[in-house]
Amino acid sequence: MYHHVKKLMYTVNIGEPDPRFGNMLLEQFGGANGELAAAMQYSIQGFNCEDAARKDLLMDIGTEELSHLEVVGALIRMHLKPMKSDRAAAEVDPLVSIAGGGGVALVNSVGDAWTADYLKITGDLSVDLRSNIAAEARAKIVYERLINFTDDPGSKEALQFLMTREITHMRAFTAALDTMGKAQFSIGLIAPTPGLVSQFFNDSTGEEGEGESDLAGPILKAAKLEAVDSPIFDGKGLDITPTEPVANSEQTSKFDSAPVGATHRSNGSKASKKAASHRS
Ligand code: MN
Ligand code: MN
């Protein structure tokens, strides 16, 4: 159940309206990393969530994002206002001024319509939480760039508030993932192939400064990945020994979403019998 409180989450005051800046702000209204996208992504993940605690978190944050939409919408309206009467301001974006009447609409800063394609919803809680952490990072950096392109103190303060909340959400989503008690790279039920999973395929060649192949060396070392060269260059290549997927071989959490397809058995094939024997 939703309830609208007739008060902004953060009171917005601006000095001189700046229609061009208002136009840029639309990115956080109807853009890919904007507030509606965040609100819909978390809320719909929440509708699907089977874990009560994480559902609660997703719904709370999804709802806060709707409140952000209202705040950023108010800020945009103030900046776009001259578009209603001033020809030069109207020319900043005819889509907004002529078609939209100088108000907010679900478009991004270049007028692309908002789309549900922006949303990352897989139905797997640990996967979705990772998407949300990344979404918050994107929202944060977009707000920071907007802050850098205005000199208006009131606008800066409102954007600082909105930017800060995204880091709060990032912390909450990170904790929601960490407290599931899963190993760092454990996704789903089928473990990746040992050996192969630790091989990094060296896909590029070059001479010295133009692409010495082991520039990524320190990163690979940190990731405990072994670099292997392509057979084209006399390397051993990836270990492509055929490997049968083993059901329930991955470490799981009691908070994981119900697995999809895991109970499917394809007519008693050898693979499915073997997989079944691995179930505990
Ligand atoms: Mn937000
Ligand atoms: Mn957020």
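Dividing the C-alpha radius of gyration of the range 51-114 by 2.2 N^0.38 Å, with N its residue count, gives 1.49.
Scalar couplings 3J(HN,Hα) for the range 245-254, obtained by applying the Karplus form with A = 6.51, B = -1.76, C = 1.60 to θ = phi - 60°, are x, 10, 4, 6, 8, 8, 6, 10, 10, 5 Hz; x denotes Gly and Pro. Mean-square fluctuation check for the chain, GNM, Cα pairs under 10 Å: which of Leu220, Leu129, Leu162 is largest? Comparing Leu220, Leu129, Leu162 in the GNM, the peak value goes to Leu220. Which parts of the range 242-256 would a label at Gln199 reach, counting a residue when its backbone N lies under 19 Å from a point 7 Å out along Cα-to-Cβ? So the set is 242-246. For the chain, which span is the longest to avoid every loop-located (per DSSP) member of trypsin sites (Lys or Arg not before Pro) having at most 16 other Cβ atoms inside 10 Å? For trypsin sites (Lys or Arg not before Pro) (loop position, at most 16 other Cβ atoms within 10 Å), the longest site-free span of the chain is 8-119. Close amide H contacts of Ala227 (hydrogens built in the peptide plane, cut-off under 5 Å, sequence separation of 5 or more or a different chain): Phe200. FRET efficiency for the pair Thr168 and Ser230, taken as 1/(1 + (r/R0)^6) with r the Cβ-Cβ distance and R0 = 41 Å, rounds to 0.35. Beyond 21 Å in Cα-Cα separation lie the following of the pairs Lys140/Lys224; Lys182/Lys224; Lys81/Lys156; Lys120/Lys156; Lys55/Lys120; Lys7/Lys55: Lys140/Lys224; Lys120/Lys156; Lys7/Lys55.
For Val107, nonlocal amide neighbours, meaning residues 5 or more places apart or on other chains whose placed amide H falls under 5 Å from its own, are Gly30, Trp114.
Gyration tensor analysis over the Cα atoms of the chain returns equivalent ellipsoid semi-axes of 45, 26, 17 Å (largest first, whole Å). One equal scatterer on each Cα of the range 1-127, no solvent, Debye formula: the resulting log10 I(q)/I(0) at q = 0.11, 0.15, 0.18, 0.20 Å⁻¹ is -0.43, -0.72, -0.93, -1.06.
Taken over the alpha carbons of the range 77-176 as equal point scatterers, the Debye sum produces base-10 log I(q)/I(0) values at 0.10, 0.12, 0.18, 0.21 Å⁻¹ of -0.40, -0.55, -0.99, -1.12. Placing R0 at 45 angstrom, the Cβ-Cβ distance between Val260 and Thr11 gives a FRET efficiency of 0.50 after rounding to 0.05.
Result for the chain in a Gaussian network model with C-alpha springs under 10 Å: among Ala223, Ala258, Ala53, the largest mean-square fluctuation is at Ala223. When exposed loop sites are taken as GluC sites (Glu not before Pro) in a DSSP loop with at most 15 other Cβ atoms within 10 Å, the longest stretch of the chain clear of them is 51-206.
A short reminder: the numbers here are calculations on the coordinates, not readings from a lab. Keep in mind that what you see is a predicted model, and the values were worked out from it rather than measured. Because the Cβ atoms are built from the backbone with ideal geometry, glycine has one as well, and the counts that use them run over all protein chains shown.
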